[in-house]
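The values are calculated or read from the model by the stated rules, or taken from the named source; none is laboratory data. Because the structure is a prediction, the values reported are computed rather than measured. Cβ coordinates were reconstructed from backbone atoms using ideal geometry, including for glycine residues, and neighbour counts include every protein chain displayed.
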Amino acid sequence: MDKVIDIEERIPSMREKRRKKTNKKFLFILAVFCIALLLLLYFQSPFSKVDSIHVKGAALHDQSYYVERSGIASGDAYWKFTTNQLEKELSSVEGVKEVTVSRKWLRDIEIEITEWDTVAYVEKEGEFSLLLANGEVFSAKSITPNVPILNNVVNKKVLKKLTSQLVKMDKNVLQLISEIIYTGEDDDADTITVYMDDGYEVHALIPAFAENMEYYPEIVTQLDGYEKGIIDMEVGTFFSPYSEVYGSEVVEEEEGEVVDEESE
């Protein structure tokens, strides 16, 4: 026979459940109220404002320029923007390769800039601009990298091909180059003449320029003790002393000018 439970026996347990349920609702409402109050106090306090903005990696532009382009300033609301928004905005700045924006120490903003490397100067009518690794020509007078000067490069396609070669070239070899003069013509459009800091002259073709210049240090080592001259890398590798190419009188005259300059 099933046991019959009196309703009066169940009333105390039902009351206890209702009391616990009511307490939970009260605690939930109280927690929401406290969180809302804390948030209100936080957003009204200086702790919700941007304190400092730090920029790392700036060279092509001043740090202040990047801060200005970001659209944020000290005292702005700390949460009114997203880091993705700032990264997208700063990535459109000329010369910028990558951007990383992060929040630091609750109130600070850190902007880390990665700019395109400079591979050469481009000379035009006596003015010098920077040739960046992405092929852009950038007008900047605040930095002076140790890179070669490009002359007579007017055609954009030629400039792009040269850029791709300079990017691939070993940096130690690139720093030995003083000047690159484009000498190409319609029937031979890829020829360049390269003047080196150590006194040699290199004749080369653009498509294989970086690959062939890998052997330059070894070639110069083998020529040590000989007269300076022209290293022809257009087809194979050949060496011709300046006296054979320009005449001994011209070479002696140039060497004499160098001695005079050093003595002064």
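For the range 103-132, which positions are surrounded by fewer than 20 Cβ atoms within 10 Å (Cβ to Cβ), at pLDDT 95 or above and touching a Ser or Thr at 6+ places or on another chain (Cβ under 7 Å)?
Matches in the range 103-132: Glu110, Glu112.
Can you tell me which residue within the range 147-176, out of those that are β-branched (Val, Ile, Thr) and surrounded by 16 or more Cβ atoms within 10 Å (Cβ to Cβ), is modelled with the lowest pLDDT?
Val153
When you scan the range 131-158, how many residues do you find that are farther than 14 Å from Val119 by Cα and either charged (D, E, K, R) or part of a loop (DSSP other than H, G, I, E, B) (or both)?
Residues that pass the stated criteria total 8.
Quick check, is Gly199 assigned to a loop (DSSP other than H, G, I, E, B), modelled with pLDDT under 95 and under 38 Å from the mean Cα position of the chain (by Cα)?
yes
For Val137, indicate whether it is in the same structural domain as Phe209 (by TED's automatic domain parsing), surrounded by 13 or more Cβ atoms within 10 Å (Cβ to Cβ) and either over 21 Å from Ala59 (Cβ atoms) or under 16 Å from the mean Cα position of the chain (by Cα) (or both).
It is true that Val137 is in the same structural domain as Phe209 (by TED's automatic domain parsing), surrounded by 13 or more Cβ atoms within 10 Å (Cβ to Cβ) and either over 21 Å from Ala59 (Cβ atoms) or under 16 Å from the mean Cα position of the chain (by Cα) (or both).
Scan the range 21-28 and give yes if some residue there is outside any helix (DSSP H, G or I) and modelled with pLDDT of 75 or more, otherwise no.
Looking through the range 21-28, none of the residues is outside any helix (DSSP H, G or I) and modelled with pLDDT of 75 or more.
Filter the range 159-177 down to the residues that are in contact with a Pro (Cβ under 9 Å, 6 or more places away or on another chain) and outside any loop (DSSP other than H, G, I, E, B), then identify the one that is nearest to Leu130 (Cα to Cα).
Leu166
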